1. Per-residue accessible area for Lys53 at 1.4 Å probe radius, Å² rounded to 10?
2. Solvent-accessible area per residue for the range 31-147 at a 1.4 Å probe radius, Å²?
3. Show Glu62, Glu98 ordered by accessible area, largest first, where the area counts protein heavy atoms only and the probe is 1.4 Å.
4. Amide H to amide H under 5 Å from Val60: which residues, 5+ apart in sequence or cross-chain, H placed 1.01 Å off N in plane?
5. Of the peptides 138-151, 108-121, how do they stack up when ordered by the mean number of other Cβ atoms within 10 Å, highest first?
6. Leaving out ligands, DNA and RNA, what percent of the accessible area of the range 31-147 is carbon and sulfur, probe 1.4 Å?
7. Give me the dipole magnitude in Debye, nearest 20, for the range 63-152 about the Cα centre, with unit charges on the beta carbon: positive for Lys and Arg, negative for Asp and Glu.
8. Around Val86, with a cut-off of 13 angstrom between Cβ atoms, what is the net charge of the other residues, counting Lys and Arg +1 and Asp and Glu -1?
Amino acid sequence: MVNEDIKLRTRLSVLSSHISHSLSISMASSEQEAALAAVPSDSPTIFDKIINKEIPSTVVFEDDKVLAFRDIAPQAPTHILIIPRVKDGLSGLSKAEERHTEILGHLLYTAKLIAKQEGLDDGFRVVINDGPSGCQSVYHLHVHLLGGRQMNWPPG
């Protein structure tokens, strides 16, 4: 009975991921359009406004270095964005310098902590989009933590 239950849950998970994949195709094209329209600048981003509490968000984790909150257009049952509180020139990963190694490591370690907090024991995916071809739509470095369903390969 336990094996049958596990098989059923696995089948439902795979089916659910295929259904959500087909539903997300139109979302993906709008994300691509947003990325192509985004222009890197030094002006405050939507993430700066979230950090400053000017825009509400559902915060799931915060410390003195990072803020993590639920994505408003989730691509998986669990979709959390993890951002550095101080941009410090990190509009994207391609802008990283040696001085950023501590915050880059902290972002990934925080992803692991949140995955555990969210119960993503079966696995999760961490994504960093960079530049227009990488589908980056907000020029403030951010890590996507995705989980709660079977991920597919290759991505995007």
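The values are calculated or read from the model by the stated rules, or taken from the named source; none is laboratory data. A quick note: this is a predicted structure, and the numbers were derived from the prediction, not measured. In this analysis, Cβ positions are derived from the backbone assuming ideal geometry, glycine residues included, and neighbour counts consider all displayed protein chains. Accessible surface areas use protein heavy atoms only, side chains included; no ligands, DNA or RNA. Shrake-Rupley method; radii C 1.70, N 1.55, O 1.52, S 1.80 Å.
1. 130
2. Value for the range 31-147: 55 Å² per residue.
3. Most to least solvent-accessible, the answer reads Glu98, Glu62.
4. Amide H to amide H, under 5 Å and 5 or more residues apart or across chains, Val60 pairs with Ala68, Phe69, Arg70.
5. Result, highest mean first: 138-151, 108-121.
6. The computed percentage sits at 53.
7. Charge dipole, the range 63-152, about its Cα centre: 140 debye, nearest 20.
8. With Lys, Arg at +1 and Asp, Glu at -1, the net is -1.
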